Amino acid sequence: AQKLLYTTYHSILLGICMRYGKSKAEAEDILQMGMLRIFKNIDSYSGKGSFEGWMKRIIVNVAIDNYRKNSKYYYHEDIDEINGEPFLASDIPNNLEVEDILKTIHELPPGYRMVFNLFAIEGYSHKEIANILEISENTSKTQLLKARKSLRKKLISLNRMPQKTSVRNEE
């Protein structure tokens, strides 16, 4: 039963782990720790809400615990700010793939990525994020702002890169 549960939800839960981990190896570690916690606490699932949602919440909590445990090892790099340049939606490429967006999010420094994921994707408030990560609400807000500016800058730079073209040999 555990193997079936693991294989059924592996890709969905690994996708969540990839958003929080700094590498695929770390994401896989988070998934393994999360699955162990799911198996250990499966009897605590009350049947209220979806089972998948319950598992996702556990995976996010494991990712947060992993971040807290390892945050002293992360190097916090300063990201250049956009120097007052106006942002236009037309600056963002319209042919972005999900993989491009996830890759761009993954390039954020760990603190920015964690706050961005919790706020923009998981729907936590700054107060909740502050309590979870043991930071101030203002730090959460600042990190989200810096994450958004960095993402915007990186997405704009994708638009300035030469577009991939496919060459067909028609005979």
For the range 97-109 the number of residues that are in contact (Cβ under 8 Å) with a residue 24 or more places away in the chain and either in contact with a Gly (Cβ under 9 Å, 6 or more places away or on another chain) or not in a helix (DSSP H, G or I) (or both) is 5
Of the residues in the range 133-158 that are surrounded by fewer than 16 Cβ atoms within 10 Å (Cβ to Cβ) and not in a helix (DSSP H, G or I), the one that is modelled with the lowest pLDDT is GLU134
Flagged pairs (Cβ under 7 angstrom, 6 or more apart or on separate chains; first in the range 134-147, farther than 16 Å from GLU107 by Cα and in contact (Cβ under 8 Å) with a residue 24 or more places away in the chain; second open to solvent by less than 50 Å² (accessible area, probe 1.4 Å) and part of a helix (DSSP H, G or I)) are SER140/VAL115; SER140/HIS126; SER140/ILE129; SER140/ALA130
Matching residues in the range 110-132 (open to solvent by 50 Å² or more (accessible area, probe 1.4 Å) and part of a helix (DSSP H, G or I)) number 6
Inside the range 16-34, the number of residues satisfying the requirement of being touching a His at 6+ places or on another chain (Cβ under 9 Å) and over 17 Å from ASN117 (Cα atoms) is 0
For the range 69-81 the number of residues that are modelled with pLDDT under 70 and surrounded by fewer than 13 Cβ atoms within 10 Å (Cβ to Cβ) is 8
> Is there a residue being farther than 20 Å from MET18 by Cα and at pLDDT below 90 anywhere in the range 94-112?
Replying inline: yes
Among (1) modelled with pLDDT under 90; (2) loosely packed, with under 11 Cβ neighbours inside 10 Å, ILE64 falls short only on (2)
- prompt: Given the structure, is LYS22 among the basic types (Lys, Arg) and touching a residue at least 60 places away in the same chain (Cβ under 8 Å)?
  reply: yes
Condition set open to solvent by less than 60 Å² (accessible area, probe 1.4 Å) and small (Gly, Ala, Ser), scope the range 1-24, selection farthest from the chain's Cα centre (by Cα): answer is SER23
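The values are calculated or read from the model by the stated rules, or taken from the named source; none is laboratory data. Predicted, not measured: the structure shown is a model, and the values here were computed from it. Counting neighbours? That spans all protein chains shown, and the Cβs are built from the backbone with ideal geometry, glycine included. Ligands, DNA and RNA are excluded from the accessible area calculation, which covers all protein heavy atoms including side chains. Shrake-Rupley method; radii C 1.70, N 1.55, O 1.52, S 1.80 Å.
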